[in-house]
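Heads up, the thing below is written out as structure tokens.
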Amino acid sequence: MLDDVPLLIKLIKGYLSDVDIVWQDIERIRRLQDKRLRKVVRYAYTVPLYHSKYKTAGINPRDIRGVEDIRKLPVVTKDDIRNSFPKGVLPEGYNTRRAEKLSTSGSTGKPITIYVDRFSILQSIIAYVRILKAYGERWDKTRITIIADTTYGSAGYATFNSPLPSFLMKILPIDNIQILDITEKSEEMISKINDFKPDFLNGYPGVLHALATLKMEKGFGRDINPRYVSSSGAVLDPFTRRYISEAFDAHVFDVYESTEGGPMAFECRRGCYHLHSDMVYLEALDDDMNPVSSGEVGRVAVTKLYGKGTPVVRYVGMGDLVKWTDDVCDCGINTGCIGSIEGRRVDAIVTADGGIIPPLSITGVPNEVMSEEKHFCVKQFQIVQEENGNVTVLAVPKKDEKNKEKTVIVYHKIETELNERIGGGISVQIKEVDEIPTYGAVLSPLVVSKVKKTS
């Protein structure tokens with residue numbers, strides 16, 4: 001793959017410069033955002049989908065001087081990309097052999113497919129190295145285990161198994177990195193991790209939870225003692241965070257990324273979600289597509305500030321909900337922050353009056369109650385809203401739990417607290433089960449809402 005040598009040079013340059021951008025002066029980061037946005041909008045204007053939208057809105061790339069002008073641009077939806085694929089999401093004559101075709105998981109029943117160029121894949125690698133550095137770790141020294149979805153066409157495949165990373169792995173000394181696939185059986189996976197003894201463990205929260213259970217209940221993985229555990233690919237709720245931290249005696253932090261937007265944010269050691277502001281510009285919008293205020297929850301609109309292939313500019317199709325904040329973190333990373341990742345709109349609970357309750361505003365309840373009662377009787381749970389609106393909390397009790405009376409108190413308090421947060425007119429009850437259903441997915445979703453929502 002000699003044609004990838006120029007990309008290798010870009011990777012080296014990125015390692016020497018781009019990794020450290022988030023620690024640079026705030027104004028310098030903003031100027032870089034402005035410059036990259038102008039370039040991305042000029043490129044998007046050559047793509048039929050965006051060209052048509054911008055012409056209809058009366059927008060010319062010259063009208064966009066920086067991020068302060070971004071609201072002049074129309075938002076792009078999942079249907080926009082789906083209905084324009086394949087020719088409408090690429091410039092005419094684009095060489096698709098120099099790109100990877102990625103598809104979203106389709107958990108909503110409506111997956112989309114986009115093209116991602118190899119430079120975008122490099123950015124994902126650079127973002128990973130940046131996160132390691134933020135935690136005092138090194139990609140070439142730290143023993144790292146990555147549990148990813150490496151299925152062909154996934155973001156994990158592009159980052160770890162596609163031709164470019166495969167090429168890099170052949171020429172770079174990375175014997176310190178172990179990559180496992182999410183579909184491996186938990187018992188086999190934990191055995192491999194135990195033999196590898198990583199200092200840094202990264203995976204989906206559901207997989208990490210399963211491994212934590214094997215360690216605590218069956219004694220597997222006794223030699224797995226990482227300094228840090230990073231969770232990505234799904235919402236990390238307080239209950240799961242505490243459970244994983246307890247099992248591995250490690251600091252657990254969250255990473256926010258997506259197939260469409262790439263790397264977007266990560267928690268620093270102080271718990272602030274720092275944006276990769278050189279890579280994305282993130283907005284939190286209300287139902288009228290206006291920015292929400294600090295402390296409010298809004299729908300994510302992401303603009304990717306790099307790469308070719310399918311441009312991602314003011315894309316709202318992920319359906320993610322985040323709590324916005326104007327707070328500034330003094331950890332030394334000088335990028336903007338988001339307050340929290342609240343989950344996906346499609347998973348939100350619908351109140352009796354039609355309101356929306358973001359998943360993360362209720363998934364912390366079991367952990368809060370168990371902490372208050374000092375009785376951790378549940379090892380896994382799932383909140384399900386049925387079509388009639390009522391809510392059932394499926395709870396898998398901890399093995400050999402003996403204090404049944406205390407468990408009943410915990411269950412009652414969880415029901416009471418959820419009833420208060422969700423509001424009147426909706427019944428909440430806890431039901432003990434042996435296992436949590438996956439609804440056909442690889443991992444069990446934390447919140448399932450069967451109530452239809454308006455887009």
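Coordinate-derived values only; no laboratory data. What you see is a predicted model, and the numbers here were worked out from it, not measured in a lab. Here the Cβ positions follow ideal geometry from the backbone for every residue, glycine too, while neighbour counts run over all protein chains shown.
For this structure, a couple of remarks:
- Over the stretch 348-449, the Kirkwood radius and the radius of gyration, each from Cα atoms, give a ratio Rg/Rh of 0.96.
- Helix 404-422 and the long axis of the chain differ in direction by around 40°, with both axes built from C-alpha atoms.
- Here the Karplus curve 6.51 cos²θ - 1.76 cosθ + 1.60, taken at θ = phi - 60°, turns the phi angles of the stretch 335-343 into couplings of 9, x, 10, 10, x, 6, 9, 8, x Hz, with x standing for Gly and Pro.
- Dipole of the stretch 65-155 computed with +1 at Lys/Arg Cβ and -1 at Asp/Glu Cβ about the Cα centre; of PHE85, SER154, THR142, farthest Cα towards the positive end is THR142.
- Legend: calculated FRET efficiency, SER427 to ASP181, from the Cβ-Cβ distance at R0 = 56 Å, rounded to 0.05, equals 0.90.
- Correct choice for Kirkwood radius over Cα pairs in Å that was computed from the model, options (1) 24.2; (2) 23.1; (3) 26.4: (2)
- Close amide H partners of ILE112, meaning residues 5 or more places away or on another chain with modelled amide H under 5 Å apart, are THR104, GLY106.
- Across the chain, C-alpha contacts under 8 Å between residues 6 or more apart give a mean separation that, scaled by the residue count, equals a relative contact order of 13 percent.
- Amide H contacts of ASP149 (H built 1.01 Å from N, in plane; Pro and chain starts excluded): GLY156, ILE182 sit under 5 Å, all sequence-distant by 5 or more or on other chains.
- Across the stretch 424-429, rounded Karplus estimates of 3J(HN,Hα) from the backbone phi angles (6.51 cos²θ - 1.76 cosθ + 1.60, θ = phi - 60°) give x, x, 10, 7, 10, 9 Hz, Gly and Pro being marked x.
- Where labels lie 7 Å past Cα in the beta-carbon direction, separation of LYS452 and LYS35 in nm: 5.0
- Where only DSSP H runs of four or more residues are counted, the chain gives -9500 deg cm²/dmol as its mean residue ellipticity at 222 nm, each run worth -39500 (n - 2.57).
- Cα-centred dipole magnitude for the stretch 305-436, charges only on beta-carbon of K, R (+1) and D, E (-1), debye, nearest 20: 340
- Taking the Cα centre of the chain as origin and assigning +1 to Lys and Arg Cβ atoms and -1 to Asp and Glu Cβ atoms, the resulting dipole is close to 1480 debye.
- Taking a straight line from the alpha carbon of LYS101, these lysines sit under 21 Å away, with near neighbours fewer than eight places off in the same chain left out: LYS78, LYS87, LYS110, LYS304, LYS308.
- Residues of type lysines that LYS215 reaches as a straight line, Cα spacing below 23 Å, ignoring anything fewer than 8 places off in the same chain: LYS185, LYS192, LYS197, LYS374, LYS379, LYS398, LYS399, LYS402
- Ordering of 120-128, 95-103 by packing [mean C-beta count within 10 Å, highest first]: 120-128, 95-103
- In order along the stretch 318-332, the phi-based Karplus estimate (6.51 cos²θ - 1.76 cosθ + 1.60, θ = phi - 60°) of 3J(HN,Hα) comes to 5, x, 6, 10, 10, 8, 7, 8, 9, 5, 10, 9, 9, 6, x Hz; Gly and Pro are listed as x.
- Taking amide H positions as modeled 1.01 Å from N, with prolines and chain starts lacking one, the residues under 5 Å from ILE177 and 5 or more places away or on another chain are ILE144.
- Nearest-ten-degree value, helix 205-218 long axis tilted from longest Cα axis of the chain: 40
- Ordering of 226-237, 24-35 by packing [mean C-beta count within 10 Å, highest first]: 226-237, 24-35
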